[in-house]
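Before any comments, here is the structure.
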Amino acid sequence: MKQSEAKGRIEKLRTEIEEHNHNYYVLNNPVISDFEYDLLLNELDTLEKKFPEFRSEDSPTRKVGNDITREFQQYDHKYPMLSLGNSYSKEELMEFNSRVEKASGGPVEYVCELKYDGASISITYRNGNMVRALTRGDGTKGDDVTLNVKTIRSIPVKVKGELIPGEFIMRGEILMPRSVFDRLNEVRKKEELPPFANPRNAASGTLKLLDSRIVASRELDCKFYFLLAEELPHDTHYGNLKEASKWGFRVPDSIRLCRTIDEVTNFINNWESERKKLPFDIDGVVIKVNSLALQKELGYTAKSPRWAIAFKYKAEQVSTKLLSVSYQIGRTGNVTPVANLEPVLLAGTTVKRASLHNADQIALLGLHLNDIVYVEKGGEIIPKIVGVDHSFRNENSREIEFISYCPECGTELVKNEGEANHYCPNYLHCPPQLKGRIEHFISRKAMDIDGLGEETVDLLFSRNLIRNYADLYDLRAEQLIPLERFGEKSVINILRSIKASLNVPYSNVLFALGIRHVGETVAKKIAGTFRSIDDLIKADYDQLTGIREIGPKIAASIISFFADEENLSIINRLKEAGLKFREEAKTNTVSGKLEGKTIVISGVFQHHTREEYKEIIEKHGGRNTASLSGNTSFILAGTNMGPSKKEKAKELGVPLMEENEFLILIAED
Ligand code: IVH
């Protein structure tokens with residue numbers, strides 16, 4: 001490669017890798033496999049070594065990824081959190097062993113551990129008590145997620161035993177068992193929330209939740225693998241981990257002390273198949289030099305220790321032919337490309353289709369029709385295409401072009417800035433959207449009209465009896481009885497269950513409306529703040545984004561939904577039909593201590609959840625609002641309150657009240 005070419009390639013690789021870092025660490029949504037990522041990183045590393053004139057301190061080869069988010073307070077790591085060098089073959093492992101043996105001047109003892117695929121955590125203990133838990137962050141500083149970590153049962157908040165240093169740091173990996181992940185995604189799917197791509201993303205997404213109660217409910221686990229302190233109890237890694245397990249840390253039983261490199265390879269080979277029996281994902285094995293003295297001698301590169309290496313297993317992969325791409329239109333108009341594949345056996349199931357997510361993904365893979373593609377099934381729900389076997393590429397085949405028009409109604413597709421998905425804007429007439437909205441409306445978590453099902457909706461739709469969900473409430477027996485398949489009994493059943501839906505609470509009705517990006521949880525939050533649909537219709541952008549769960553995307557979607565005359569007229573018909581469009585008062589007043597006070601809740605709390613505080617405020621006659629304004633009496637401020645909110649409060653002269661102070665205020669006689 002020429003120098004000029006290398007420069008261009010290096011720049012391209014750097015941008016691409018940074019983008020993947022962002023997808024992985026910040027968005028928790030990787031679009032390529034770890035293996036592909038490592039290939040890119042390796043290519044960059046090789047080029048930088050070959051053309052040192054283009055080296056840069058900012059290169060991703062010199063930095064670890066970054067998971068820092070704005071909502072949490074950040075603290076410096078006492079000892080930086082580094083990555084591990086990766087190897088994919090026994091040759092690379094042997095090279096590592098030669099380097100280490102050369103430094104030591106003889107055979108070396110290793111500790112073999114499983115490489116857990118979760119979110120790393122660094123927990124400081126002082127005098128046996130947990131004082132702070134930080135995420136990896138950028139390796140130098142991380143997010144303080146102590147409150148969340150304290151909810152994880154397998155992590156001790158206090159430790160007891162002998163030889164415990166006054167201050168020490170324990171590092172490990174927070175994991176979500178596969179069964180918990182599957183359940184969580186089921187729920188997210190029903191709530192129309194994007195599913196987590198794999199248990200790793202789910203674990204790290206959970207760690208970054210602001211409500212510790214939800215964290216507690218997600219049954220995370222933790223495996224510990226690294227003890228750090230100024231003075232450690234033993235002079236070997238193995239000795240220290242075994243010691244820490246006596247103090248109460250869950251150090252995995254799988255760790256092995258290996259006296260030869262053959263023992264190391266046995267460990268690797270054994271776990272390659274055994275790993276499938278584990279309740280959570282591992283993506284390889286970590287091999288560490290046991291002696292701390294030798295570790296010190298070997299030292300570190302900018303990114304990783306020279307005394308350890310990860311041996312990564314390849315995800316199970318097969319290749320097959322890409323026959324065609326079809327496009328599905330969801331109820332909100334979202335377009336999802338799906339690859340139709342020549343059926344192939346993968347990890348015990350026959351795979352015929354693979355998700356392609358969106359146009360960016362197709363472009364990233366550079367897919368052509370009839371390509372032989374690699375299909376992988378990691379922790380993901382549906383298999384995905386991870387690459388193309390270029391040796392089979394037909395010279396004449398053309399790259400797949402994403403469709404520009406809706407395959408169902410012919411309307412030109414739209415792609416919003418900053419969103420990866422195309423969607424069909426023909427909200428009013430695109431059949432799958434119309435039908436999809438009605439199906440969503442009747443679903444269990446929405447209006448729960450169990451007398452109707454997808455097939456009946458299909459039939460009623462095709463007979464022009466329903467065009468939108470308000471039409472359901474105008475259905476009459478004499479329209480239904482003539483339809484084939486419908487006996488009198490089933491007609492009565494349908495009409496009865498439609499009528500019963502009038503009792504469904506307001507938050508379900510809000511969810512049922514099918515506003516883009518408003519899932520079940522968001523609908524509940526909205527109903528708690530805008531206690532009637534008329535309040536919500538009037539709400540402006542600032543008021544909406546004042547609710548923590550509502551970002552710009554959801555707010556814009558709500559505003560545009562209610563700006564649509566057709567939607568308003570449907571809502572009016574639903575009101576006339578008698579649906580609940582108002583939150584029922586459920587709290588009994590306890591005192592008038594907060595009478596006339598408008599209170600914003602912000603941050604994370606120790607004694608009650610945010611929801612509970614909202615109720616407490618109302619019980620004492622106060623009003624809880626989401627958005628901060630000149631009318632706010634004070635902010636009930638927990639920890640981790642965002643810096644921008646603090647700044648705004650200062651500007652507006654709104655005082656902050658701490659949790660304990662508030663509890664005293666309402667407790668006083
Ligand atoms: S030791 C300085 N041991 O892998 C070395 N890391 O790629 C510190 N990981 O950030 C890490 N299992 O999140 C170590 N048994 C294990 C591990 C492990 C998983 C993760 C960890 C680390 C990443 C490095």
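The values are calculated or read from the model by the stated rules, or taken from the named source; none is laboratory data. As the structure is a computational prediction, the values presented were derived from the model and not from experiment. Because the Cβ atoms are built from the backbone with ideal geometry, glycine has one as well, and the counts that use them run over all protein chains shown.
Go through the residues of region 210-217 one by one and say whether even a single one is out of contact with any helix residue (DSSP H, G or I) (no Cβ under 9 Å at 6 or more places or on another chain) and either buried (at least 19 other Cβ atoms within 10 Å of the Cβ) or farther than 24 Å from His608 by Cα (or both). No, that holds for no residue. Applying a threshold of 6 Å to beta carbon distances and a minimum spacing of six or more residues, or different chains, the list of pairs starting in region 118-135 at a residue that is touching a residue at least 12 places away in the same chain (Cβ under 8 Å) and within 30 Å of Phe196 (Cβ to Cβ) and ending at one that is surrounded by 23 or more Cβ atoms within 10 Å (Cβ to Cβ) and of a type in the set (Lys, Arg) reads Gly118/Arg200; Ser120/Arg136. Meeting the requirement of 2 or more residues that are touching a residue at least 60 places away in the same chain (Cβ under 8 Å) and crowded, with 16+ Cβ neighbours inside 10 Å, the helices (runs of 4 or more DSSP H) wholly within region 600-669 are 610-619. If Leu209 satisfies all but one of (1) over 20 Å from the mean Cα position of the chain (by Cα); (2) more than 16 Å from the ligand (Cβ to nearest atom); (3) modelled with pLDDT under 95, what's the number of the condition it fails? Failed condition: (1).
Residue count for region 545-559, restricted to those that are in contact (Cβ under 8 Å) with a residue 40 or more places away in the chain and assigned to a helix (DSSP H, G or I): 4.
Can you confirm whether Ser319 is within 30 Å of the chain's Cα centre (by Cα) and more than 28 Å from Pro199 (Cβ to Cβ)?
no
Could you please tell me which pairs satisfy a Cβ distance under 7 Å, a separation of 6+ or placement on different chains, a first residue in region 291-307 that is under 10 Å from Ser83 (Cα atoms), and a second residue that is part of a strand (DSSP E or B) and among the small types (Gly, Ala, Ser)? Close Cβ pairs satisfying both conditions: Ser304/Gly85. Taken as a whole, the structure leaves Arg153 outside the set of residues that are more than 15 Å from the ligand (Cβ to nearest atom), of a type in the set (Lys, Arg) and outside any loop (DSSP other than H, G, I, E, B). For region 532-573, a residue qualifies if it is loosely packed, with under 15 Cβ neighbours inside 10 Å, more than 26 Å from Glu618 (Cα to Cα) and more than 26 Å from the chain's Cα centre (by Cα), and the qualifying residues are Ser560, Ala563, Asp564, Glu565, Glu566, Leu568, Ser569, Asn572. Scoring Ala577 on the criteria (1) within 29 Å of Val215 (Cβ to Cβ); (2) surrounded by 15 or more Cβ atoms within 10 Å (Cβ to Cβ) leaves a single failure, condition (1). Looking only at region 73-86, count every residue that is touching a Gly at 6+ places or on another chain (Cβ under 9 Å) and more than 8 Å from the ligand (Cβ to nearest atom) and tell me the total. Residues meeting the conditions: 5. With respect to the conditions (1) away from the ligand (no atom under 16 Å from the Cβ); (2) over 23 Å from Val522 (Cα atoms); (3) surrounded by 18 or more Cβ atoms within 10 Å (Cβ to Cβ), Gly166 falls short on a single one, namely (3). If the condition is being away from the ligand (no atom under 16 Å from the Cβ), of a type in the set (D, E, K, R) and not in a strand (DSSP E or B), then region 100-144 contributes Glu101, Lys102, Glu109. Within region 307-327, the only residue that satisfies the criterion of being among the charged types (D, E, K, R) and within 10 Å of the ligand (Cβ to nearest atom) is Lys312.
Scanning region 257-266 for residues that are among the basic types (Lys, Arg) and more than 30 Å from the chain's Cα centre (by Cα) turns up at least one hit. A search for C-beta distances below 9 Å between a residue of region 394-419 that is under 17 Å from Val325 (Cβ atoms) and modelled with pLDDT of 95 or more and any residue that is aromatic (Phe, Trp, Tyr) and in a loop (DSSP other than H, G, I, E, B), counting only pairs 6+ apart in sequence or on different chains, returns Leu413/Phe402. Annotation: Glu439 fulfils all but one of (1) within 30 Å of Glu584 (Cβ to Cβ); (2) more than 35 Å from the chain's Cα centre (by Cα); the unmet one is (2).
Considering region 474-531, and only residues there that are under 17 Å from Glu583 (Cβ atoms) and without any contact (Cβ under 8 Å) to a residue 24 or more places away in the chain, the residue that is surrounded by the fewest Cβ atoms within 10 Å (Cβ to Cβ) turns out to be Lys524.
How many residues does region 286-299 hold that are near the ligand (Cβ under 8 Å from one of its atoms) and either crowded, with 22+ Cβ neighbours inside 10 Å or within 19 Å of Gly105 (Cα to Cα) (or both)? Break it down into steps so the answer makes sense when it comes.
The initial filter retains those residues of region 286-299 that are near the ligand (Cβ under 8 Å from one of its atoms), namely 286, 288.
Adding the requirement that they be either crowded, with 22+ Cβ neighbours inside 10 Å or within 19 Å of Gly105 (Cα to Cα) (or both) leaves 288.
Residues in region 286-299 being near the ligand (Cβ under 8 Å from one of its atoms) and either crowded, with 22+ Cβ neighbours inside 10 Å or within 19 Å of Gly105 (Cα to Cα) (or both): 1 in total.
So is Gly172 in contact with a Lys or Arg (Cβ under 6 Å, 6 or more places away or on another chain), in a strand (DSSP E or B) and more than 21 Å from Gly248 (Cα to Cα) or not? It is false that Gly172 is in contact with a Lys or Arg (Cβ under 6 Å, 6 or more places away or on another chain), in a strand (DSSP E or B) and more than 21 Å from Gly248 (Cα to Cα).
What is the one condition in (1) farther than 23 Å from Ile282 by Cβ; (2) away from the ligand (no atom under 15 Å from the Cβ) that Glu91 does not satisfy? Every condition holds for Glu91 apart from (1).
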